[in-house]
Amino acid sequence: MTMRLPLLAAALWVAAGLGQEPRRDFELLLPDFFETPFAGGTVIDVPERAIQRLSVQVLQTSERNIGYGNVFLKVNGKGMGNAVDRVGNEKGILMTMTPFTAGMRPDEVFDAKENVIEAIAQDRRGRRYYGNWIVRVNESQQNQLFIYTSQMAADDPKGVPPDIVLQEPKALPVVGLLEKSIKVRVQGQFSGAGSTLKVNGKPAGGAATQALTSFDETVVVARDQKEILVEAADRKGHRRAVRIPVVVQEKAPARVRFAGARYALLVGLSRYGEQKGAPPLLASAAADVTMLAAELVAKAGFKKENIRLLTDDRATPEQIRVGFSDFAAQAAGEDLLLVYVATHGLHDPSRAENLYVAAHGTQMDRLSTTAVAFADLEKLAGQSIRCNNTFLVFDVGHKLEDEHRIAGKNLINRYVLNLFSDEQGRAVLVSGAADQVSTQRSGAATGALAHWLAESLAGKADGNRDNVVTAEELFRYVAEQVRVESQGAQTPRFRLAAKSASVPLVSAQAAPRLK
């Protein structure tokens with residue numbers, strides 16, 4: 001079941017899960033945005049502003065014999081505990097978070113772009129009930145190379161700011177070494193009747209008289225200009241801005257020398273064995289990591305002996321664990337470690353909050369003994385990874401048949417993004433947002449994520465043309481190319497620690513100009 005409003009007219013849409021209608025065990029209320037509750041297994045797109053209040057209604061707790069101490073709430077994998085109040089009502093038990101109760105947690109729980117909310121209940125016989133929701137800002141039309149911000153009017157905190165969709169430019173504008181200025185086409189659309197648009201402070205596009213208004217401007221960018229600013233504002237004072245960074249070449253790029261050795265752990269499973277209950281086949285996962293191994297040697301300065309390649313029957317649970325422990329521990333100090341995992345990420349059907357990596361020999365009804373728990377990988381990585389430059393890429397959000405799905409949305413991508421990015425120096429890229437499915441390239445034998453990662457290793461992500469592809473350039477380039485190719489259906493997400501963003505990953509000496 002899908003319910004959608006025009007994105008640019010309303011700046012939000014709600015899509016319920018595909019397939020069978022989920023059982024209504026829980027309801028989520030987001031009073032900062034909506035007046036009606038949502039059943040479990042719902043994707044809720046919201047304007048870009050903070051979540052300050054939420055309530056989860058646990059239904060039929062008396063009939064099911066569920067007590068106050070057996071209802072739990074998680075946000076982005078973190079238990080809320082004392083951050084929610086529990087009260088009984090005619091429907092069951094209501095768990096409520098307010099700004100006051102949220103302050104009981106010392107850390108920041110919510111993310112600016114995407115949040116996963118999970119509810120768990122257990123009756124006195126041990127039967128468990130589970131529901132989840134994905135609450136996110138719709139980024140399907142946002143260029144990942146640019147910076148998007150919103151500002152709400154003080155007297156209308158529940159309002160929706162205008163939206164801006166840019167068709168041009170597609171890449172970062174570059175003022176060349178010998179150029180005093182360049183001309184840049186800024187083209188797109190903005191929303192909201194009565195909204196106005198400015199480009200670098202000058203009116204553009206006229207006043208919006210309908211839900212969607214087009215604009216097409218050519219701006220002159222001088223060498224001392226750091227960005228192009230596109231701003232839309234409505235009559236109430238809600239604002240939306242897109243900042244397009246400008247790259248200015250100051251001197252001829254120098255050759256880059258990389259410090260430390262380079263290691264790569266590449267895990268890809270297309271086939272999981274002949275045992276009953278094996279996960280579905282993945283068309284290109286094994287081929288993807290095999291291709292990447294060759295690219296790392298040919299274009300990124302990796303030595304063959306420093307690459308551990310685990311595919312299909314070589315990627316058993318034990319071999320994957322050894323890769324994350326013994327092999328990963330070889331990288332130390334200023335060495336660089338790249339981990340790329342392409343396989344199924346799985347929820348345990350009986351305990352959906354437990355998540356696993358599918359390995360060779362995995363059986364869907366015996367995940368705890370035949371797959372690798374993500375919690376185990378986190379522990380092994382924490383114990384073994386000793387180098388300062390660690391980059392983890394997970395392509396684990398793949399399509400599952402209905403019999404393998406949980407009563408809710410697939411949260412693997414979001415879980416991985418949270419799990420591995422807390423440590424200083426680690427950078428994480430996942431193939432898409434929560435519940436998004438990795439795409440295969442049309443007419444090609446490779447997956448979209450692996451293809452564009454290989455293109456980045458060939459130097460195409462060198463946006464500022466300084467002969468080096470940094471981690472931030474690579475992650476942003478891959479995310480943008482996958483988003484465009486999938487027409488917004490797959491929007492990779494990443495987290496970069498400040499320390500890792502500028503780490504050089506590959507020399508781009510012979511790189512073609514970014515288009």
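The values are calculated or read from the model by the stated rules, or taken from the named source; none is laboratory data. Worth saying up front: this structure is predicted, and the values here are computed from it rather than measured. In this analysis, Cβ positions are derived from the backbone assuming ideal geometry, glycine residues included, and neighbour counts consider all displayed protein chains.
Okay, here's what the table says:
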item: The lone exception for Val482 - which of (1) touching a Pro at 6+ places or on another chain (Cβ under 8 Å); (2) over 29 Å from Val165 (Cβ atoms) it fails; result: (2)
item: In segment 456-506, the residues that are surrounded by fewer than 20 Cβ atoms within 10 Å (Cβ to Cβ), within 22 Å of Asn138 (Cα to Cα) and of a type in the set (Asp, Glu); result: Glu472, Glu485
item: Long-range neighbours under 7 Å by Cβ, at least six apart or interchain, first residue farther than 16 Å from Glu295 by Cβ within segment 436-462, second charged (D, E, K, R); result: Val437/Lys399; Ser438/Asp395
item: Count - residues of segment 155-168 that are under 30 Å from the mean Cα position of the chain (by Cα) and surrounded by fewer than 19 Cβ atoms within 10 Å (Cβ to Cβ); result: 7
item: Which numbered condition Arg351 misses (of (1) without any contact (Cβ under 8 Å) to a residue 40 or more places away in the chain; (2) surrounded by fewer than 17 Cβ atoms within 10 Å (Cβ to Cβ); (3) farther than 17 Å from Ser421 by Cβ); result: (1)
item: Residue among Ala342, Ala233, Ala241 that is among the hydrophobic types (A, V, I, L, M, F, W, C) and farther than 30 Å from Arg223 by Cβ; result: Ala342
item: Sole residue being part of a loop (DSSP other than H, G, I, E, B), among the basic types (Lys, Arg) and either assigned by TED's automatic domain parsing to the domain that holds Arg185 or at pLDDT 95 or above (or both), chosen from Arg257, Arg235; result: Arg235
item: Among residues of segment 113-146, those that are loosely packed, with under 14 Cβ neighbours inside 10 Å and not charged (D, E, K, R), counted; result: 1
item: Within segment 386-414, considering residues that are under 22 Å from Ser270 (Cβ atoms), more than 18 Å from the chain's Cα centre (by Cα) and part of a loop (DSSP other than H, G, I, E, B), the one modelled with the lowest pLDDT; result: Arg405
item: Candidates Gly131, Gly194, Gly126, Gly159 - the one that is assigned to a loop (DSSP other than H, G, I, E, B) and either in contact with a Gly (Cβ under 8 Å, 6 or more places away or on another chain) or assigned by TED's automatic domain parsing to the domain that holds Glu48 (or both); result: Gly126
item: Lone unmet requirement of (1) buried (at least 16 other Cβ atoms within 10 Å of the Cβ); (2) outside any strand (DSSP E or B); (3) not assigned by TED's automatic domain parsing to the domain that holds Ala342 for Tyr272; result: (3)
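So that you can scan it fast, the table gives a plain yes or no per residue for (1) closer than 26 Å to Glu455 by Cα; (2) over 24 Å from the mean Cα position of the chain (by Cα):
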| residue | (1), (2) |
| --- | --- |
| Lys304 | yes, yes |
| Ile307 | yes, yes |
| Asp312 | yes, yes |
| Ala315 | yes, yes |
| Arg321 | no, yes |
| Asp335 | yes, yes |
| His347 | no, no |
| Ser384 | no, yes |
